[in-house]
Amino acid sequence: MRALTWQGRRDVRVETVSDPRIEQSDDVVVRVTSTGICGSDLHLYEVLGPFLDPGDILGHEAMGVVEEVGPQVRAVSAGDRVVIPFNLSCGTCFMCCQGLHSQCETTQVHEYGSGASLFGYTKLYGQVPGGQAEYLRVPFGNHLPIKVPEGPADDRFVYLSDVLPTAWQAVEYASVPPGGSLTVLGLGPVGDMATRIAQHRGAGLVIGVDLVDERLERATAHGVTCLDLRRHEKDLLEAVHELTHGRGTDAVIDAVGMEAHGNSMTKAAQWATSLLPDGLARPFMEKAGLDRLSALYAAIDLVRRGGTISISGVYGGALDPMPLLRMFDKQIQFRMGQANVWRWVPDILPLLTDADPLGVDNFATHHLPLEDAPQAYAAFQAKQDGMIKTLLRP
């Protein structure tokens with residue numbers, strides 16, 4: 001089959017690789033019909049190379065049609081249309097039964113002390129072959145695939161793999177009171193979707209912060225009060241205070257993560273680390289790695305006293321310095337973590353099976369063949385061509 005493989009920093013290639021096959025009695029093999037490029041994939045493209053090997057298959061936002069099932073699979077059959085959550089969760093362990101599917105005890109990566117394994121996402125999370133490919137082996141066939149109806153195009157359902165549950169969890173964790181206020185830092189796919197979900201769930205004022213024209217225009221068109229970071233980098237706090245009676249918003253969602261705009265010294269350190277031999281880079285990143293924290297520091301400033309910060313952007317630093325005095329003084333609550341996809345499916349799926357209140361049908365800005373994935377990664381990383389969300393068609 002054809003699949004997108006990692007070969008090095010900023011070097012991904014579509015190659016012919018072996019087809020996946022049934023390995024366990026409850027496996028299924030899915031023929032992928034749509035697969036997304038996620039902002040988290042750019043961390044692999046730029047920073048997390050020490051935890052990848054050449055030839056690793058990328059991608060964790062896939063849906064398609066079941067081609068083959070193992071002998072113990074009863075929940076889905078060949079021909080069923082399914083979405084595959086990005087985290088591998090067994091559905092039956094203690095953590096899964098608590099709704100913490102991203103902490104699944106069956107697939108935790110004990111070598112690195114990590115939570116549940118993820119499709120297409122480094123040794124830190126199991127080094128499981130990903131979904132930017134023609135076919136995908138999916139374990140836990142009775143519990144992991146999300147069966148969706150025939151009819152609407154893939155765009156209606158594919159975001160159940162990651163974008164929708166990640167954004168839904170970000171809003172849930174933000175605990176915005178009815179009619180309350182929220183700032184979303186970063187208007188990429190998850191941040192954009194979080195603004196829509198927050199409005200759908202009754203937030204009064206939703207402020208979006210970004211520095212890319214197309215993202216700001218898109219969010220503004222959906223009723224978000226947008227602040228251009230290029231204009232407000234020095235007075236962002238004042239701009240938010242003007243909109244919130246001088247308090248700050250009830251909650252802030254950090255949808256940016258480890259590669260935030262700013263902090264050129266930390267950016268240079270990340271870049272230099274990515275160039276080290278893996279044997280040196282891995283232990284350095286595990287024990288002494290730093291993130292660019294400008295978005296998280298901004299969140300601490302922008303949230304009102306007693307408010308909540310919800311982190312959906314991926315962080316990977318082991319020694320990130322945090323302003324605990326200010327956090328304690330402001331009585332800030334933090335919630336964060338990988339999305340527990342199946343926890344939110346019952347809330348989200350009804351919004352996809354009739355009307356389209358979240359605008360998923362037109363959410364993708366680009367639809368491209370899988371063979372164009374390397375060029376798409378480069379454009380997405382450079383924020384070119386108005387690219388906000390790309391779906392690949394194998």
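The values are calculated or read from the model by the stated rules, or taken from the named source; none is laboratory data. For clarity, every value in this text was computed on a predicted model and none was experimentally measured. All Cβ positions, even for glycine, are placed from backbone atoms using ideal geometry, and neighbour counts span all protein chains on display. For accessibility, only protein heavy atoms count, side chains too; no ligands or nucleic acids. Shrake-Rupley method; radii C 1.70, N 1.55, O 1.52, S 1.80 Å.
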Inset, instruction - State all residues of region 63-90 that are of a type in the set (A, V, I, L, M, F, W, C) and either open to solvent by 10 Å² or more (accessible area, probe 1.4 Å) or out of contact with any Lys or Arg (no Cβ under 9 Å at 6 or more places or on another chain) (or both); if no residue qualifies, say none. - result: Val65, Val69, Val73, Ala75, Ala78, Ile84, Phe86, Leu88, Cys90
Legend entry - Residue, most open to solvent (accessible area, probe 1.4 Å), within region 154-183, restricted to residues that are more than 21 Å from Thr390 (Cα to Cα) and touching a helix residue (DSSP H, G or I) at 6+ places or on another chain (Cβ under 7 Å): Val176
Inset, instruction - State whether one or more residues within region 91-100 are aliphatic (A, V, I, L, M), touching a Cys at 6+ places or on another chain (Cβ under 7 Å) and surrounded by 24 or more Cβ atoms within 10 Å (Cβ to Cβ). - result: no
Legend entry - Val32 open to solvent by 20 Å² or more (accessible area, probe 1.4 Å), part of a strand (DSSP E or B) and within 19 Å of Asp372 (Cα to Cα): no
Legend entry - Entirely in region 288-394, the strands (runs of 3 or more DSSP E) that have 3 or more residues that are among the hydrophobic types (A, V, I, L, M, F, W, C): 303-311
Inset, instruction - Just need a number here: residues in region 116-130 that are part of a loop (DSSP other than H, G, I, E, B) and surrounded by fewer than 23 Cβ atoms within 10 Å (Cβ to Cβ). - result: 4
Legend entry - Of all residues in region 131-148 being part of a loop (DSSP other than H, G, I, E, B) and touching a helix residue (DSSP H, G or I) at 6+ places or on another chain (Cβ under 9 Å), the one that is surrounded by the fewest Cβ atoms within 10 Å (Cβ to Cβ): His143
Inset, instruction - Would you be able to say whether some residue in region 314-336 is open to solvent by less than 20 Å² (accessible area, probe 1.4 Å), touching a residue at least 24 places away in the same chain (Cβ under 8 Å) and in contact with a Phe, Trp or Tyr (Cβ under 7 Å, 6 or more places away or on another chain)? - result: no
Inset, instruction - List the number of the failed condition for Ala373; all other conditions in (1) in contact with a Lys or Arg (Cβ under 8 Å, 6 or more places away or on another chain); (2) touching a residue at least 40 places away in the same chain (Cβ under 8 Å) hold. - result: (1)
